[in-house]
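Worksheet for the structure shown next.
The values are calculated or read from the model by the stated rules, or taken from the named source; none is laboratory data. The model shown is predicted, which means the values in this text are computed figures rather than measured ones. Here Cβ is always computed from backbone atoms with ideal geometry, including for glycine, and neighbour counts include all displayed protein chains. With ligands, DNA and RNA removed, areas are computed over all heavy atoms of the protein, side chains included. Shrake-Rupley method; radii C 1.70, N 1.55, O 1.52, S 1.80 Å.
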Amino acid sequence: MRQRRMIHAFCVTSLCLFLIVFLYSNGGEPNVHVNKDRRVNVPCGEACDVVDSHFREEPTAFHAYIEKHFDCKALMLRLKDERPADAWPPPREPPPEVKDEMTMQGLMPAILKNATYYASNNAKSVKTDIITEKNIQKMQSEASKRMLEGSYTKSVTNTVSRCLERYDSAIKGRNGFVIGTERPWVEALLLNVGAQHLTTVEYSDLVSSHPSITTRTPRRLAEDYLENPREMFDFGVSYSSIEHSGLGRYGDAINPSGDLETMAQAWCLTKPGGLFFLNVPFDHGKDYIAWNAHRVYGNARLKHLTANWKVLAWISSTNTFKSIWVLQKSST
């Protein structure tokens, strides 16, 4: 009997090893990229619900306004326990077990053009010593002369700069946060407008030697919040960052609702009445995922991305991918 059990165990182990070898030898990708909810057993709640019939929509001059209940403690627990992807590089198409959720049941289709869109930029490749007084002061000087290119072009930087200047009363002497930074040009613009202190949130371990800029990883920021739950910031900014959340491009785990969670967490961190300046790729009436580079937002997903935020303005650009949404958290 004991010998028979040993033979059975050996056969099961051998079969498992065979399947693993077979998957890799045939170019297959075992489902290590995705765990449908690989964070703690805390539900995302309404933040991740994109079924329109579950919510009452209010028409606006821009897109429909939707009000949702955000469980901020749960959302921060999920952020705290978020882990990077289990494998690298990321998958070349949405994994089948989350494809429907990822594409909103087909309302936001994934476009697969690997040579054009597929990207695998590991967060570890981002320089970590970019936030220095010398570097920031140089960018501030260039920005004041309308000569700063930032991460894109002078035209884009100047559009952002004018937008922030237009709402300077929400920034001057106040504390804000910036989500996603490869080069701190947004931080330089905010300091030029008069921001008192900034917290840059980035997955890589950025180091700041600038007295007015603190850096936090998302996990560390969530820990700060959970230690003392509160609305921490007067305003926030995210330029060309949130559309990447959950697509695996930067070493993050595949999360169909990564962008929605990030915006809900930003809402939790912002004080009532505070502004949030948001840039994501926008295409009139079209929602799609340019896998896995970024999401492009039309009316279907944008109303869920901006749930609980009142749209004050849309600062348009000749390229709508570079436009800015000025959002405000309700003061009640």
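Taking the residues in segment 237-264 that are hydroxyl-bearing (Ser, Thr, Tyr) and under 22 Å from LEU198 (Cβ atoms) as candidates, determine which candidate is least open to solvent (accessible area, probe 1.4 Å). Working first, answer last.
Residues of segment 237-264 that are hydroxyl-bearing (Ser, Thr, Tyr), as a first pass: 238-241, 245, 250, 257, 262.
Still in the list and also under 22 Å from LEU198 (Cβ atoms): 238-241, 245, 250, 262.
Values: SER238: 1, TYR239: 24, SER240: 29, SER241: 26, SER245: 25, TYR250: 62, THR262: 26 Å².
Only one residue fits best here, namely SER238.
Taking SER209, is it open to solvent by 40 Å² or more (accessible area, probe 1.4 Å), farther than 22 Å from LYS80 by Cα and among the hydroxyl-bearing types (Ser, Thr, Tyr)? Spell out the reasoning first.
Values: open to solvent by 40 Å² or more (accessible area, probe 1.4 Å): yes; farther than 22 Å from LYS80 by Cα: yes; among the hydroxyl-bearing types (Ser, Thr, Tyr): yes.
It is true that SER209 is open to solvent by 40 Å² or more (accessible area, probe 1.4 Å), farther than 22 Å from LYS80 by Cα and among the hydroxyl-bearing types (Ser, Thr, Tyr).
Can you name every residue in segment 65-113 that is in a loop (DSSP other than H, G, I, E, B) and open to solvent by less than 20 Å² (accessible area, probe 1.4 Å)?
Going residue by residue through segment 65-113, those that are in a loop (DSSP other than H, G, I, E, B) are 67-71, 81-83, 85-95, 103-109, 113.
LYS68, PRO90, PRO91, PRO94, PRO95, THR103, MET104, MET108, listed by residue number.
If the requirement is being under 23 Å from TRP185 (Cα atoms), in contact (Cβ under 8 Å) with a residue 40 or more places away in the chain and assigned to a loop (DSSP other than H, G, I, E, B), which of these qualifies: SER238, SER331, SER317?
From the options SER238, SER331, SER317, the qualifying one is SER317.
Does segment 172-183 include one or more residues that are open to solvent by 20 Å² or more (accessible area, probe 1.4 Å) and without any contact (Cβ under 8 Å) to a residue 40 or more places away in the chain?
Yes, segment 172-183 has at least one match.
Whether any residue in segment 209-232 is under 19 Å from LEU327 (Cα atoms), not in a strand (DSSP E or B) and not aliphatic (A, V, I, L, M) is what I want to check.
Looking through segment 209-232, at least one residue is under 19 Å from LEU327 (Cα atoms), not in a strand (DSSP E or B) and not aliphatic (A, V, I, L, M).
Being assigned to a helix (DSSP H, G or I) and open to solvent by 20 Å² or more (accessible area, probe 1.4 Å) is the filter here; which residues of segment 184-201 pass it?
LEU191, ASN192
Per-residue answers, yes or no, for (1) modelled with pLDDT under 90; (2) under 18 Å from THR199 (Cα atoms):
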| residue | (1), (2) |
| --- | --- |
| ARG83 | yes, no |
| GLU101 | no, no |
| ALA123 | yes, no |
| ILE131 | no, yes |
| ARG162 | no, no |
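Can we say TRP267 is part of a helix (DSSP H, G or I), open to solvent by 40 Å² or more (accessible area, probe 1.4 Å) and touching a strand residue (DSSP E or B) at 6+ places or on another chain (Cβ under 9 Å)? Talk me through it step by step, then tell me what you get.
Values: part of a helix (DSSP H, G or I): yes; open to solvent by 40 Å² or more (accessible area, probe 1.4 Å): yes; touching a strand residue (DSSP E or B) at 6+ places or on another chain (Cβ under 9 Å): yes.
Here the answer is yes, as TRP267 does meet what is asked.
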